[in-house]
Amino acid sequence: QQLDFRRDWQHKLWSAGFLGMHWPTQYGGQGSDAAYQGIVDKALTAHNAPIIFNTIGLNWTGPLLLDVGTEEDRQRYIKNILTGDEIWCQGFSEPGAGSDAAALRTKAEREGNEYVVNGSKSFISGAGETDVLVVMLRTGEPGHKGITALLIPADTPGISFGKNEKKMGWNAQPTRAINFDNVRVPVENRLGEEGQGFAIAM
């Protein structure tokens, strides 16, 4: 019920023209100046409005797709990010590696037109309520240059989520582990080129 409320609240804000105000109109934005979004955000805070739930999508994935995504990516994802129809999370942290991207070990091995993903991510905020994941994965040599970003629907076979955990304080969003067991992801779901994941994240 809480998730439904948060999705509905975001959709109402978007319908009123108060989200994505500086995003292009062809993807569901308002095509306005970014300053207007800042004014709206301050007004929402001043009136103790509910927190917008899809923060990874709105603040990270959406701008990233507008910058480095393909036209197909933008058409597929951007409007749903704004409306709240698809909630995003990012898969960076790993057991034993924390958020150190250079040390990540979860692999994506290329097999024809697919990547096969195996491994796990830990302490992922919003996991379990998410619809789409943007995940940093090991596709090559150790270090930053061997990292690739994939966009993976959360209902892809082989993905499972761990139990809810409160690792970041009583008022923080719960986190979960994400496990990948021979998860097959089309190459077209790659964000940027292979090996560009760290640069894209930065």
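The values are calculated or read from the model by the stated rules, or taken from the named source; none is laboratory data. All figures in this text were calculated on a predicted structure; none of them were measured in a lab. Note that we place each Cβ from the backbone using ideal geometry, even for glycine, and neighbour counts take in every protein chain shown. Areas reflect the complete protein model, heavy atoms only, side chains present, ligands, DNA and RNA absent. Shrake-Rupley method; radii C 1.70, N 1.55, O 1.52, S 1.80 Å.
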Worksheet, complete the sentence: Scanning region 134-167 for residues that are of a type in the set (Gly, Ala, Ser) and in contact with a helix residue (DSSP H, G or I) (Cβ under 6 Å, 6 or more places away or on another chain), the one surrounded by the most Cβ atoms within 10 Å (Cβ to Cβ) turns out to be ALA149
Worksheet item: Which one of these is within 22 Å of ARG76 (Cβ to Cβ) and touching a residue at least 12 places away in the same chain (Cβ under 8 Å): GLY128, GLY119, GLY162, GLY192?
Response: GLY192
Response to the item:
Given (1) at pLDDT 95 or above; (2) assigned to a helix (DSSP H, G or I); (3) surrounded by fewer than 19 Cβ atoms within 10 Å (Cβ to Cβ), LEU65 misses just (3)
Item to complete: Could you grab me the full set of residues in region 89-117 that are under 19 Å from the mean Cα position of the chain (by Cα), modelled with pLDDT of 85 or more and open to solvent by 30 Å² or more (accessible area, probe 1.4 Å)?
Response: GLN90, PHE92, LYS107
Worksheet item: Taking the stated definitions as given, is ILE87 closer than 22 Å to ASN189 by Cα, in contact with a Phe, Trp or Tyr (Cβ under 8 Å, 6 or more places away or on another chain) and β-branched (Val, Ile, Thr)?
Response: yes
Worksheet item: Does any residue of region 82-92 turn out to be in contact (Cβ under 8 Å) with a residue 40 or more places away in the chain, assigned to a helix (DSSP H, G or I) and closer than 30 Å to GLU194 by Cβ?
Response: yes
Worksheet, complete the sentence: Picked from region 99-114 (must be in contact with a strand residue (DSSP E or B) (Cβ under 7 Å, 6 or more places away or on another chain) and assigned to a strand (DSSP E or B)), the residue farthest from MET136 (Cα to Cα) is GLU114
Worksheet item: What's the number of the condition GLY29 fails, among (1) under 22 Å from the mean Cα position of the chain (by Cα); (2) over 13 Å from ILE81 (Cβ atoms)?
Response: (2)
Discussion item. Cβ-Cβ distance below 9 Å, separation of 6 or more or different chains: which pairs start in region 2-18 with a residue that is touching a residue at least 60 places away in the same chain (Cβ under 8 Å) and end on one that is part of a helix (DSSP H, G or I) and open to solvent by 70 Å² or more (accessible area, probe 1.4 Å)?
Written reply: TRP14/LYS79
Worksheet item: Within region 135-179, how many residues turn out to be among the acidic types (Asp, Glu), at pLDDT 85 or above and in a strand (DSSP E or B)?
Response: 0
Response to the item:
Every listed condition ((1) open to solvent by less than 30 Å² (accessible area, probe 1.4 Å); (2) under 22 Å from PRO153 (Cβ atoms); (3) part of a helix (DSSP H, G or I)) holds for ILE56 save (1)
